[in-house]
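Presented below is the structure to which this report refers.
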Amino acid sequence: MSSDSRGVSKVAVRLKWDPNPWNESPQHLDIIATTYSQAAAYGPPAYVVHFDSRSPDGTINMSRHSRTGQGFGYVEEMTLELDRLASSFARVVVGVAIHQNDGRKVFANVSNAGVLVAEGYEELLKDDFSQVSGSCAATVAEFVRQASGAWEFRQMIRGFDSDPLHFTAEMGRPTQP
């Protein structure tokens, strides 16, 4: 959670991974964000933002995308301008999915994978997916609108055994006991 009462406002989610050796097909990871309305905070997403889209109002978008992991450091980035998101939204859940084009791949198969969630220079979350190493996808962060209107950050490392399409439908569901 942000350290002051105003909550988080503009957040960057960054993703990194090492490219596969030249003789192997590339690993392709994606940052995905799902938004939930006040009326259905744990229902189906109002909309989904991923590598090939942005939110209808432009408040959530991909500023960098990689299909291979090639580059230095964090090679993929999504920006969430929560302070500009309409008051009709209650939650935003952010996750990472591995494309399953060449058979089942899990985070343990991806070299040097990592995610960073930051607001300005403040790191809210830094993770290497080791606690979800057997999963094909994982949620990493949840942003919840408080009664005051401020957005609260919650770490949400939770693994899923889903391809990217199915992951978007289930990533915002409440945790089962």
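The values are calculated or read from the model by the stated rules, or taken from the named source; none is laboratory data. Owing to the predicted nature of the structure, the values given are computational and were not obtained by experimental measurement. Quick reminder, even Gly has a Cβ in these numbers, built from the backbone with ideal geometry, and neighbours come from all protein chains shown. SASA here: full protein model, heavy atoms, side chains in, ligands and nucleic acids out. Shrake-Rupley method; radii C 1.70, N 1.55, O 1.52, S 1.80 Å.
Structure above, values below:
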{"item": "Mean ellipticity per residue at 222 nm, deg cm²/dmol - from DSSP H runs of n ≥ 4 across the chain, formula -39500 (n - 2.57)", "result": "-1000 deg cm²/dmol"}
{"item": "Protection-proxy order for peptides 39-52, 160-173, each taking the mean of Cβ atoms within 10 Å per residue, highest first", "result": "160-173, 39-52"}
{"item": "Distance in nm between pseudo-label sites at K126 and N109 (7 Å out along the Cβ direction from Cα)", "result": "2.9 nm"}
{"item": "Gain on full stretching of the segment that runs from Q100 to S63 - 0.36 nm per residue minus C-alpha separation", "result": "11.0 nm"}
{"item": "As computed over segment 1-63, the Cα convex hull volume per residue (Å³)", "result": "149 Å³"}
{"item": "Whole-Å semi-axes of segment 42-159's equivalent ellipsoid (Cα gyration tensor)", "result": "25, 15, 15"}
{"item": "Segment F72-W22, length gained on full extension (0.36 nm per residue, minus Cα span)", "result": "16.3 nm"}
{"item": "Cα point-scatterer Debye curve for segment 30-83, base-10 log of I(q)/I(0) at q = 0.13, 0.23, 0.25, 0.28 Å⁻¹", "result": "-0.37, -0.88, -0.97, -1.10"}
{"item": "The chain - accessible surface per residue (Å², probe 1.4 Å)", "result": "48 Å²"}
{"item": "Loop sites in segment 1-55: trypsin sites (Lys or Arg not before Pro), DSSP, at most 15 other Cβ within 10 Å", "result": "R6"}
